[in-house]
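Quick notes on the structure that follows.
The values are calculated or read from the model by the stated rules, or taken from the named source; none is laboratory data. It should be emphasised that the depicted structure is a prediction, and the values quoted were computed from it without experimental measurement. Cβ coordinates were reconstructed from backbone atoms using ideal geometry, including for glycine residues, and neighbour counts include every protein chain displayed. The protein model used for the area step is the full one, side chains on, heavy atoms only, and it has no ligands, DNA or RNA in it. Shrake-Rupley method; radii C 1.70, N 1.55, O 1.52, S 1.80 Å.
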Amino acid sequence: MTMIEKKIHIAVVLVTFNRLPYLKKALTYLQQQTYGIDKIYVINNASTDGTTEYLNHLHSDMIAVVNLTNNVGGAGGFSKGIKHACLDGHYDYYWVMDDDTYPQANALEKLLIATKKVEKNKPIGFLASNVRWGKDEVPAIMNVPVVSSVWNQSTKLGLVNIMSSSFVSMLISNQAVHECGLPISEFFIWGDDVEYSRRISQKFMGYFVADSIVIHATKANAGVDLLAENNPEKFSRYYYNFRNQAYIAREFGRKYRLKNSIKFWYLLGKIIFSGRPYRLQRIKVLIKGTWAGIFFRPQIKFPDSE
């Protein structure tokens with residue numbers, strides 16, 4: 001920590017829902033960080049698996065518990081968590097992650113060292129860790145960041161310039177939160193992190209920090225794929241993915257709208273000719289979600305807004 005001479009105040013925002021064993025492990029990893037975290041805000045999305053009881057009996061000055069009365073999804077949890085931390089304390093950065101995120105002991109320290117390398121340049125919006133899959137530590141597919149057009153601008157500093165990344169270990173500056181607002185809670189799941197980091201990168205810099213390593217302990221190393229989904233009971237959640245992607249495409253310009261349109265027709269064709277079961281159900285959720293995205297108009301909210 002030789003490069004970190006002045007104390008940087010850090011709040012962790014961790015969202016959990018019905019995964020108590022994962023949560024316990026994640027909290028253990030966070031409390032073993034080589035750089036001291038000021039406070040861990042655990043946002044409990046109305047869990048029913050004993051998480052609420054566990055958190056209510058957890059006596060730690062380092063951990064603040066926010067028990068929600070209903071499940072507002074990952075998007076709502078991160079939005080509420082960042083807002084709560086903003087209003088509760090004076091932090092320089094918010095380190096956000098899911099409950100199945102296990103950061104290596106120096107993961108936070110590496111992120112903060114990176115901030116010192118670039119702080120004299122353009123203001124930092126966010127930094128993303130190197131997310132590896134839990135079983136064999138290959139790259140976690142759903143957490144690969146999107147690089148900027150001039151991605152190698154900061155490689156001499158050991159960093160890669162990025163436009164967006166996932167909420168699995170994203171370090172967000174307090175300045176970016178106050179100037180760009182909060183994540184869109186109405187997204188519920190999927191795409192909230194992409195939209196938020198893209199929104200921030202329009203005004204601030206985003207960086208990928210390769211030596212800040214975290215493990216994402218998902219059951220399978222796969223992205224969001226309706227065609228590959230085998231459980232018809234889960235089809236309905238893909239509505240949020242298609243709606244949110246349509247919104248993102250509309251908000252971020254013609255190139256993104258064209259790309260999203262191509263993806264829509266390509267996936268529709270794949271579903272029709274795939275021979276997979278439940279094709280009609282898959283097509284319905286694809287069309288319904290994409291159509292809803294055309295009219296989806298969530299309001300960007302800020303920490304001090306009601």
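Can you tell which of TRP151, TRP133 is surrounded by 15 or more Cβ atoms within 10 Å (Cβ to Cβ), free of Cβ contacts under 8 Å to residues at least 40 places away in the same chain and more than 24 Å from GLY36 (Cα to Cα)?
TRP151
Let me spell it out: the conditions are (1) in contact (Cβ under 8 Å) with a residue 60 or more places away in the chain; (2) aliphatic (A, V, I, L, M); (3) exposed (fewer than 13 other Cβ atoms within 10 Å of the Cβ), and ALA222 meets all of them except one. Which number is the exception?
Just one mismatch for ALA222, condition (3).
Can you pull out every residue in the range 63-114 that is of a type in the set (A, V, I, L, M) and either in contact with a helix residue (DSSP H, G or I) (Cβ under 7 Å, 6 or more places away or on another chain) or open to solvent by 10 Å² or more (accessible area, probe 1.4 Å) (or both)? If you could, list the steps in order and put the result at the bottom.
Of the range 63-114, the ones of a type in the set (A, V, I, L, M) are 63-66, 68, 72, 75, 82, 85, 87, 96-97, 105, 107-108, 111-114.
Listed by number, the residues that qualify are ILE63, ALA64, VAL65, VAL66, LEU68, VAL72, ALA75, ILE82, LEU87, VAL96, ALA105, ILE113.
If I filter the range 242-256 down to residues being of a type outside the set (Lys, Arg) and open to solvent by 20 Å² or more (accessible area, probe 1.4 Å), which single residue comes out as farthest from the chain's Cα centre (by Cα)?
Filtering the range 242-256 for residues that are of a type outside the set (Lys, Arg) and open to solvent by 20 Å² or more (accessible area, probe 1.4 Å), the one farthest from the chain's Cα centre (by Cα) comes out as GLY253.
All but one of (1) modelled with pLDDT of 95 or more; (2) surrounded by fewer than 16 Cβ atoms within 10 Å (Cβ to Cβ) hold for SER60; which doesn't?
So the condition that SER60 fails would be (1).
Test each condition in (1) over 18 Å from VAL12 (Cβ atoms); (2) in contact with a helix residue (DSSP H, G or I) (Cβ under 7 Å, 6 or more places away or on another chain); (3) in a strand (DSSP E or B); (4) not hydrophobic (A, V, I, L, M, F, W, C) for TYR41 and report the one that comes out false.
(1)
Can you say whether SER185 is over 25 Å from PRO277 (Cα atoms), out of contact with any His (no Cβ under 7 Å at 6 or more places or on another chain), open to solvent by 20 Å² or more (accessible area, probe 1.4 Å) and small (Gly, Ala, Ser), as far as the supplied structure shows?
For SER185, the condition - over 25 Å from PRO277 (Cα atoms), out of contact with any His (no Cβ under 7 Å at 6 or more places or on another chain), open to solvent by 20 Å² or more (accessible area, probe 1.4 Å) and small (Gly, Ala, Ser) - is met.
Looking only at residues in the range 210-240 that are out of contact with any Gly (no Cβ under 8 Å at 6 or more places or on another chain) and assigned to a strand (DSSP E or B), which one is nearest to THR16 (Cα to Cα)?
My answer is VAL214.
Take the residues of the range 200-219 that are crowded, with 21+ Cβ neighbours inside 10 Å and touching a Pro at 6+ places or on another chain (Cβ under 9 Å): which is nearest to GLY289 (Cα to Cα)?
Narrowing the range 200-219 to residues crowded, with 21+ Cβ neighbours inside 10 Å: 200-201, 205-209, 212, 214-216.
Going one step further and asking which of them are touching a Pro at 6+ places or on another chain (Cβ under 9 Å), we end up with 205-206, 208, 212, 214-215.
Values: MET205: 31, GLY206: 29, PHE208: 31, SER212: 35, VAL214: 32, ILE215: 31 Å.
Per the criteria, the residue is GLY206.
Of everything in the range 138-148, what is out of contact with any Lys or Arg (no Cβ under 7 Å at 6 or more places or on another chain), without any contact (Cβ under 8 Å) to a residue 60 or more places away in the chain and either among the hydroxyl-bearing types (Ser, Thr, Tyr) or closer than 14 Å to VAL168 by Cβ (or both)? Give them in sequence order.
VAL144, SER148
Which pairs have Cβ atoms under 8 Å, sit 6 or more apart or on different chains, and link a residue in the range 201-218 that is more than 10 Å from LEU111 (Cβ to Cβ) and small (Gly, Ala, Ser) to one that is open to solvent by 10 Å² or more (accessible area, probe 1.4 Å) and modelled with pLDDT under 95?
Correct list of pairs: ALA210/GLY158; ALA217/GLY134.
Taking the range 271-286 as the search range and keeping residues that are open to solvent by less than 80 Å² (accessible area, probe 1.4 Å) and part of a helix (DSSP H, G or I), which one is nearest to SER261 (Cα to Cα)?
Selected residue: LEU286.
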